[in-house]
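Presented below is the structure to which this report refers.
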Amino acid sequence: MTTTRAPRPPVPLADCRQCGEPIVFVKLDTGATMPVNPVPNPDGNVAARLQGRGLVGFVVSRDRLPGGFYPIRMTPHFATCEALRAERKPRGTPDTPLF
Ligand SMILES: [Zn+2]
């Protein structure tokens, strides 16, 4: 395991409207735009590459693996957004007794 950090992609930063943290946008091949954390994460499930001054990519799945032309791995911001996390009410697990 290396802890080498990839440099930040030279793309414009935005601010999350929920928590104010910096984010960048990845244009997905579905046409949607995904806010991701600006620091690449080798375990992130969005694969991206630079295109012009932006990032394009896709959500990694069993059928679509990262690598090749999409060497950057990013974490979707909603996975770490504190504001969104606070909004999400924790649901009881199936093991939680009702009474
Ligand atoms: Zn946020």
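The values are calculated or read from the model by the stated rules, or taken from the named source; none is laboratory data. The shown structure was predicted, so the numbers you read here are calculated from the model rather than taken from an experiment. Glycine also receives a Cβ, built like all others from the backbone with ideal geometry; neighbour counts cover every protein chain displayed.
For the range 9-22, name all the residues that are without any contact (Cβ under 8 Å) to a residue 40 or more places away in the chain and surrounded by 12 or more Cβ atoms within 10 Å (Cβ to Cβ).
Hits for the range 9-22 are 13, 14, 22.
Pull up the range 58-80, narrow it to residues that are within 16 Å of the ligand (Cβ to nearest atom) and part of a strand (DSSP E or B), then point me to the one that is surrounded by the most Cβ atoms within 10 Å (Cβ to Cβ).
Going through the qualifying residues, I end up with 74.
Mind checking which residues of the range 39-57 are free of Cβ contacts under 8 Å to residues at least 40 places away in the same chain, buried (at least 19 other Cβ atoms within 10 Å of the Cβ) and closer than 13 Å to residue 11 by Cβ?
40, 48, 57
Residue check, residue 89 against (1) modelled with pLDDT under 85; (2) within 16 Å of the ligand (Cβ to nearest atom), all met but one. Which one?
(2)
Take residue 57 and tell me if it is in contact with a Lys or Arg (Cβ under 7 Å, 6 or more places away or on another chain) and closer than 22 Å to residue 83 by Cβ.
No, not satisfied.
When only residues in the range 23-36 that are surrounded by fewer than 15 Cβ atoms within 10 Å (Cβ to Cβ) and in contact with a strand residue (DSSP E or B) (Cβ under 7 Å, 6 or more places away or on another chain) count, which is nearest to residue 54 (Cα to Cα)?
Among residues in the range 23-36 that are surrounded by fewer than 15 Cβ atoms within 10 Å (Cβ to Cβ) and in contact with a strand residue (DSSP E or B) (Cβ under 7 Å, 6 or more places away or on another chain), the one nearest to residue 54 (Cα to Cα) is 33.
Six or more apart or on different chains, Cβ atoms under 9 Å: show the pairs whose first residue is in the range 76-87 and closer than 10 Å to residue 18 by Cα and whose second is near the ligand (Cβ under 7 Å from one of its atoms) and of a type in the set (D, E, K, R).
Note: pairs meeting the criteria are 81/21; 82/21; 83/21.
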